[in-house]
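Undergrad: Structure incoming, see below.
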Amino acid sequence: MAMENARCRREAGADADRLAQKEQIRDHPLLRRFAESRRTLSADPHRPTYHFVSPESTMNDPNGLCLWRGLWHLFYQAYPPEDPRQHWGHAVSEDMIRWRDLPYAIYPGPEDCCYSGSTLVEDDRVIAMYHGTRVGNMVAVSSDPLLLNWEKVTGRAVIPLRNPDGSAPPYAVYDPCVWKKEGLYYSLSGGSLPHGASGRRTRAEFLFRSRDLATWEYLHPFCEGDIFGLVGDDGACPYFWPIGDRHILLNSSHMSGGEYRLGHYDTERDKFVVTGGGRFNFGASTPGGVHAPSATPDGQGGVLVIFNMNAAKPTPGWDQIMSLPRRLTLGDREQLLMEPAGDIESLRQDPWRVEGMALPANREIVIGGVHGNAVEILVEIDPRNAPMVELNVLRSPGKEEFTHIAFYRQRGHADWNRFTGWDRFKDARDSLIVLDSSYSSELPDVLSRAPEIAPFFMAPAETLKLRVFVDTSVVEVFVNSRQCVAARVYPGRPDSRGISLRAQGADAELRALDAWPMRSSGEAGV
């Protein structure tokens, strides 16, 4: 009882401190500027309404996602107009959906630019470790209720780009993440290593250890047995966290975008033994693709992650956006499960519902009364024997513009871990989900993206369950809680708001379709 009372007193004190700090910045000139900038930029028809977008100027990677004293904190690479070097921008949320702007958190000094990094939450402070472009990896700490004030440890790089004699170290120095084990701090720095006789680079993460955050010892390359990447990948923006009974290492490759590795953390040797892996985008990250992650444990055995997404059209005053947050968990056979996270349902408005009906072969059915460019769509389809079933969104009445979502049952690669005999060969094959923006826009300055084609396993008796989020210039598709494809799209016609379904070659069945127009998440000052 005494411990519970002490906890309640601490929480009450933290709430009071946070309210006091909110009051102190209520009239902060930056927040007034941000609010005015948001009002001005909201006139752009392609600016999302419920995905986070920076309040002013351009934006790059998300950084340091964490939960501190009851609030979610999202940092991101921001470019203030008066000093367009990278700063850490800052927003907070109670539900991971309604984000509120805070003043810029970390300003560049000797590092010239504050690039990507992560945070580690301790009982009494939050540690940020990030890359300073001209000097190396930096550490800053903050302990105030809203994480407004940061102090840089040593005031210089704690892992410099160069050795003291000016020579190059045997590791790369950029985009660090940080965690703690048995009283010691550990950090990964992204990079790559030459592979075999070819000398071609492959992804690598370099491990460091420290007692005090100021002095770091290099240990070795961290990953062991990683066969799941592409030649040419590197290990930028790493995040290393437990998931289920394993660990997950998320990162971004400058060549190919977001990816992950699953495996065992050998704490005796401080090695990550990789046993599985996959991707978060299925093509290059530009134009219009998923880029870099920022991730944190959810406290329940899963991991929460948010990505930035690249632009595919010039939009004056802003460009990239953040994806919806995703919750990653571990299923059977190291299958990564993923669902939207945060209180996204609270943005739903009056629902539309379409009851079950037949989908006759080769006939497109436009769903009357269901339309919009900021909607959530939940659809269940029994494909039956149809080789392909499609859902089109952001469809103009004459189909001059549309964004195409297609399902192909068992058209992917065979997974030999599921192979039980040649008579059941097809049951070992993945199905495919396709997100195609080739016909999303007639505008001449939009760069169409090659289709995203993502594998996922669906058992023979399962139905297809899609959860689709459309938000003016982005479409995200969650599939049977096992996969997600996302891309930026920019319809040019004001009437590109419709939805249609079609079964190819054979009949299918629509079990149900529910849709909701979505409110704005209403980003604003605290």
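Undergrad: Charges at C-beta only: +1 for Lys and Arg, -1 for Asp and Glu. How large is the resulting dipole of the chain about its Cα centre, in Debye rounded to 20?
TA: 400
Undergrad: Subtracting the Cα-Cα distance from 0.36 nm times the residue separation, let me have the gained length for Ala450 to Arg411 in nm, one decimal. Present the calculation step by step, with values, prior to reporting the outcome.
TA: Numbers: separation 39, 0.36 × 39 = 14.04 nm, distance 1.85 nm.
So the chain would gain 12.2 nm between Ala450 and Arg411.
Undergrad: Counting Lys +1, Arg +1, Asp -1, Glu -1, what net charge surrounds Gly356 among other residues with beta carbon under 10 Å of its beta carbon?
TA: On the way: positive: Arg511; negative: Glu355, Glu380, Asp382, Glu509.
For residues surrounding Gly356, the net value is -3.
Undergrad: Another question about this same structure. Take Ile365, Ile106 and order them by how many other Cβ atoms sit within 10 Å, fewest up front.
TA: Least to most surrounded, the residues fall as Ile365, Ile106.
Undergrad: Quick check: net charge around Gly492, other residues with Cβ under 11 Å of its Cβ, Lys/Arg +1 and Asp/Glu -1?
TA: Here the charged neighbours net out to -3.
Undergrad: Once you order the gyration tensor axes a ≥ b ≥ c over the Cα atoms, which shape class does region 348-524 get: rounded for a/c under 1.5, otherwise prolate or oblate by comparing a/b with b/c?
TA: Prolate shape, in that a/c is at least 1.5 and a/b is the bigger ratio.
Undergrad: Tell me, His291, His195, His131 in order of fewest to most beta-carbon neighbours within 10 Å?
TA: Neighbour counts put them in this order, fewest first: His195, His291, His131.
Undergrad: What does the extension gain come out to for Thr58 and Arg246, with contour length at 0.36 nm per residue minus their alpha carbon separation?
TA: In short, 64.0 nm is gained.
Undergrad: Right, another one. Å³ per residue of the Cα convex hull, for region 92-192?
TA: So the per-residue hull volume is 136 Å³.
Undergrad: Compute the acute angle (0 to 90°) between the alpha-carbon long axis of helix 29-41 and the principal axis of greatest extent of the alpha-carbon atoms of the chain; round to the nearest 10°.
TA: It is inclined by approximately 20 degrees.
Undergrad: Calculate the translational D of region 19-59 in whole µm² s⁻¹ from Stokes-Einstein, where the hydrodynamic radius comes from the Kirkwood formula applied to all Cα pairs, the temperature is 4 °C and the viscosity 1.567 mPa s.
TA: D = 112 µm²/s.
Undergrad: Still on this structure, please answer the following. Helix-only mean residue ellipticity at 222 nm, the chain, DSSP H runs n ≥ 4 weighted -39,500 (n - 2.57), per residue, nearest 500. What is it?
TA: That calculation yields -2500 deg cm²/dmol at 222 nm.
Undergrad: Over the Cα atoms of region 2-343, compute the convex hull volume and normalise it per residue, giving Å³.
TA: 153
Undergrad: Would you give the gap between the C-alpha center of region 351-428 and the C-alpha center of region 216-285, rounded to a whole Å?
TA: 32
Undergrad: Okay, next question. Local charge sum around Lys399 (other residues, Cβ-Cβ under 13 Å, Lys/Arg +1, Asp/Glu -1)?
TA: -2
Undergrad: Where the centroid of each part is defined by its Cα atoms, how far is region 70-101 from region 287-347 in Å?
TA: 16
Read-outs throughout are calculated quantities, based only on the coordinates presented, and are distinct from any laboratory measurement. If you're wondering where the values come from, they're calculated on a predicted model, not measured in any experiment. Counting neighbours? That spans all protein chains shown, and the Cβs are built from the backbone with ideal geometry, glycine included.
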